[in-house]
Amino acid sequence: MNRPIAGTVQVAVRHILSDRTTGFLTRTRRITWRDHFFRVRRPQSGKHTVELACPQCDASLLAEVRDEARTRRTATVLLVLAAVCVPLFFAAFGYVIHEGSKTLPEGQSLPTLFPVSVVSIFVTFVAAPVLFSRGRRYNSVSMLDAPKPRRIHQIVPVRG
Ligand SMILES: [Zn+2]
């Protein structure tokens, strides 16, 4: 059990062992990795940089960590944006059905809002689940710019 400890956050340093894409028409991407767990201390306020050494290959990775209040705010914003996408999706969808089923008088084109709504349907359909999962997993730990040996690494959130 990973009990959350105040002022810290648990992350995994993911060392990518291999990343291969095979196949021609049906491409399959096969990624293998190994995770190593770390507990990172959050700053009292603002952000700070911590160094994590990958036990797999000794590469040192720099991660940026933000304070708890800021992290919670960003996660909330992401979830709110995800929630806003849902009624937007249905409103745009309803509008497109409504306008699309009308028979237009000769020479009259669909209102500008029509293509805008069609685009909104696609955008919100993709964005809502992405924002939702980002918001739930957001821990404000991000890997800083990584030179070559670090490129085979990711820092992933661990749900405590
Ligand atoms: Zn490594």
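Evaluated against (1) more than 16 Å from the ligand (Cβ to nearest atom); (2) in contact with a Lys or Arg (Cβ under 7 Å, 6 or more places away or on another chain); (3) at pLDDT below 95, residue 78 falls short on exactly one condition, (3).
Checked against (1) loosely packed, with under 14 Cβ neighbours inside 10 Å; (2) touching a residue at least 40 places away in the same chain (Cβ under 8 Å); (3) of a type in the set (S, T, N, Q), residue 10 passes all but condition (1). For the stretch 26-39, indicate whether the set of residues that are free of Cβ contacts under 8 Å to residues at least 40 places away in the same chain, in contact with a Ser or Thr (Cβ under 7 Å, 6 or more places away or on another chain), within 15 Å of residue 142 (Cα to Cα) and away from the ligand (no atom under 16 Å from the Cβ) is non-empty. Checking the stretch 26-39: at least one residue is free of Cβ contacts under 8 Å to residues at least 40 places away in the same chain, in contact with a Ser or Thr (Cβ under 7 Å, 6 or more places away or on another chain), within 15 Å of residue 142 (Cα to Cα) and away from the ligand (no atom under 16 Å from the Cβ). Among the criteria (1) among the small types (Gly, Ala, Ser); (2) out of contact with any Leu (no Cβ under 8 Å at 6 or more places or on another chain); (3) away from the ligand (no atom under 16 Å from the Cβ), the one residue 59 does not fulfil is (3). Which of the residues spanning the stretch 1-25 are modelled with pLDDT under 90 and within 16 Å of the ligand (Cβ to nearest atom)? Passing the criteria: 18, 19. Counted as qualifying within the stretch 1-65 are the strands (runs of 3 or more DSSP E) with 3 or more residues that are hydroxyl-bearing (Ser, Thr, Tyr), namely 8-22.
Please verify whether the stretch 102-114 includes one or more residues that are surrounded by 13 or more Cβ atoms within 10 Å (Cβ to Cβ), part of a helix (DSSP H, G or I) and either of a type outside the set (Ser, Thr, Tyr) or over 24 Å from the mean Cα position of the chain (by Cα) (or both). Scanning the stretch 102-114 turns up at least one residue that is surrounded by 13 or more Cβ atoms within 10 Å (Cβ to Cβ), part of a helix (DSSP H, G or I) and either of a type outside the set (Ser, Thr, Tyr) or over 24 Å from the mean Cα position of the chain (by Cα) (or both).
Filtered by the rule that a residue be of a type in the set (Phe, Trp, Tyr) and more than 26 Å from residue 68 (Cα to Cα), the stretch 1-41 gives 24, 33. Between 91, 82, the distinction of being surrounded by fewer than 17 Cβ atoms within 10 Å (Cβ to Cβ) and part of a helix (DSSP H, G or I) belongs to 91 only.
The values are calculated or read from the model by the stated rules, or taken from the named source; none is laboratory data. The structure displayed is predicted, hence computed values, not measured ones. Positions of Cβ are backbone-derived with ideal geometry, glycine not excepted, and every protein chain shown enters the neighbour counts.
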